[in-house]
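A short worksheet on the structure shown next.
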Amino acid sequence: MTVNSMKTVNAVSLLALLAVLIGGLSASPALAQEYKEAYNAAIEAAQGQDYATAHGEFARAAELAAQEGDSEIAQRAARNAAIIDYNLGKQLVENENYQEAVERFDSGIEIFPQYANNYLGKARALKGLDQPEDVIAAYQELITFGEENNNADALRQGQAGLRDYYVFLASSALGRRAEPAASDAREALEYLDELEQQLEPDADTYFYRAVAHNALGNYDEAIALTDQALEVHRGSRTDAAKIHFIRGEALMYSGETAAAKESFQNATYGNYKSLAEHYIETL
């Protein structure tokens, strides 16, 4: 990213950012002259929306303050640089400049690893680059950060992001054709196996497993999985309709017509309503 383009990035909420920057300065102890000047220059550059200069001066202030043994100001300056990295990276993601965004988030992680937002931003940018292994690694990095720093929010975001991404991979494999092929089903199950090696299964995990087993003709297994999905499901009746529908299909293919109709009746909501009603009428 050029210096000029960084001056015009809209993602940085200037007022919110400056509140952090100026607030940090006002609470600072006496500074050695050189890193005090660097810190003040960074704030002045941020006020002028010159984020390239602001970032560089905060980084310089952090390094010089660390050399002087002022760990408090070194951390404040580094954190402010990481905040700038995150906001610039977020705008790059919004503009679909994913590779530059990854580089920006990496910069933030390097200068201040304790700022968790850059890990999350990096995972989102890597999604745009369609790099599954790297996305998974980024979420795992955020989980590790949360565990090692007793940061419950980072841990929660990392686990939720990792779970959602594995489910996305599984659902994408199952949805690439009108009817999933056996190879699609096996691919989806591999993703879900990887997920369950790291996190407890949830309703979506059981649901997509059931879809895969239906495609493989393992109807008893699909029925059992939908029962597990319904047991742990906590969403709305409309959201549960997809589970009932897949259960109905498995029962129908197994020849259990009465039980299938009952499941299809519970699936007559949202997007599944018309097709479920069709099966009820024709079975």
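Being open to solvent by less than 30 Å² (accessible area, probe 1.4 Å) and either under 30 Å from Ile136 (Cα atoms) or not aliphatic (A, V, I, L, M) (or both) narrows it down to one of Leu216, Leu230, Leu192, so name that one.
Being open to solvent by less than 30 Å² (accessible area, probe 1.4 Å) and either under 30 Å from Ile136 (Cα atoms) or not aliphatic (A, V, I, L, M) (or both) holds for just one of Leu216, Leu230, Leu192, which is Leu192.
Quick one: count up the residues across region 125-148 that are open to solvent by 80 Å² or more (accessible area, probe 1.4 Å) and either farther than 18 Å from Glu200 by Cα or of a type in the set (Val, Ile, Thr) (or both).
4
Is it true that Thr205 is over 29 Å from Glu147 (Cα atoms) and hydroxyl-bearing (Ser, Thr, Tyr)?
Considered against the rule, which asks whether it is over 29 Å from Glu147 (Cα atoms) and hydroxyl-bearing (Ser, Thr, Tyr), Thr205 comes out as no.
Identify all residues within region 218-274 that are in a loop (DSSP other than H, G, I, E, B) and either small (Gly, Ala, Ser) or within 26 Å of the chain's Cα centre (by Cα) (or both); write none if there are none.
His233, Arg234, Gly235, Ser236, Ser254, Gly255, Ala267, listed by residue number.
Kindly list, by first and then second residue, each pair from a residue in region 103-126 that is touching a residue at least 40 places away in the same chain (Cβ under 8 Å) to a residue that is of a type in the set (S, T, N, Q), limited to pairs with Cβ atoms under 7 Å and residues at least 6 apart or on different chains.
Pairs found: Ala116/Asn151; Leu120/Gln157.
Quick one: which residue in Asp184, Asp204 is out of contact with any Phe, Trp or Tyr (no Cβ under 9 Å at 6 or more places or on another chain), farther than 24 Å from Ala78 by Cβ and open to solvent by less than 40 Å² (accessible area, probe 1.4 Å)?
Result: Asp184 is the single residue among Asp184, Asp204 that is out of contact with any Phe, Trp or Tyr (no Cβ under 9 Å at 6 or more places or on another chain), farther than 24 Å from Ala78 by Cβ and open to solvent by less than 40 Å² (accessible area, probe 1.4 Å).
The values are calculated or read from the model by the stated rules, or taken from the named source; none is laboratory data. Being a predicted model, the structure only gives us computed values, none of them experimental. Note that each Cβ is placed from the backbone with ideal geometry, even for glycine, and that neighbours are counted across all protein chains shown. SASA here: full protein model, heavy atoms, side chains in, ligands and nucleic acids out. Shrake-Rupley method; radii C 1.70, N 1.55, O 1.52, S 1.80 Å.
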